[in-house]
Amino acid sequence: MAQIAKISEQVQLKSCGQKFYDHFANKMDRFAHLFPQNLKGYEFVEGNGFTHGSVMYWIYYWFVFGQNTGIPAEVKTRLMVDEPNKSITFECVEGDLLKDFEVFQVRVEVTDGGNSGMSSVRWCMEFVKKNEDVPSPHNYLQFGVKVCKGLDAYLSNK
């Protein structure tokens, strides 16, 4: 079996980590409005909303070197929610990402520093490429960082 590769990036937050996590977990319906150039939309196709084991169907815009190509892509992800640790994992179970990857997971982990300014979010991608010609998904990692910074700016201005 191929070895799982990992890439990650951590971003310091200006907003409170708990506020960031709550928005991410409970108000995800606003993401398509906050990031219309990146996300077309999503819907739950299994489960009871944003809960452990639910499956989400996403339509997003394909990225090349971090730039929106205008080409829509689709993916279904199963959620693994760890509320006590403020961690959410999106496991790809179907869709365009699986053309290049046997395994593709995105984990978002929030560390809450309260009002101390020490809150952060870490985006971690675990993947197995279908072959060595497939580039590592750094463009998706940068997309995650962009969403994180945009959401943090939005929450800091509220």
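The values are calculated or read from the model by the stated rules, or taken from the named source; none is laboratory data. Note that this is a predicted model, so its numbers are computed, not measured. Heads up, the Cβs are rebuilt from the backbone with ideal geometry, glycines too, and the neighbour counts pull from every protein chain shown. Accessible surface is based on the protein model in full, side chains and every heavy atom, while ligands, DNA and RNA are left aside. Shrake-Rupley method; radii C 1.70, N 1.55, O 1.52, S 1.80 Å.
Starting from residues that are at pLDDT below 80 and part of a loop (DSSP other than H, G, I, E, B), keep the ones in the stretch 51-73 and report whichever is least open to solvent (accessible area, probe 1.4 Å). Ranking the qualifying residues of the stretch 51-73, first place goes to G66.
Look at (1) in contact (Cβ under 8 Å) with a residue 40 or more places away in the chain; (2) out of contact with any Asp or Glu (no Cβ under 8 Å at 6 or more places or on another chain) and you find that E109 fails only one, number (1). Looking across the stretch 4-48 at every residue that is in a loop (DSSP other than H, G, I, E, B) and without any contact (Cβ under 8 Å) to a residue 12 or more places away in the chain, the one that is farthest from Y61 (Cα to Cα) is identified as N48.
Per the listing G117, G95, the residue uniquely over 16 Å from the mean Cα position of the chain (by Cα), at pLDDT below 95 and of a type in the set (G, A, S) is G117.
Collect the residues in the stretch 139-151 that are more than 18 Å from L98 (Cβ to Cβ) and open to solvent by 10 Å² or more (accessible area, probe 1.4 Å), keeping them in residue-number order. Selection gives Q142, K146, K149, G150.
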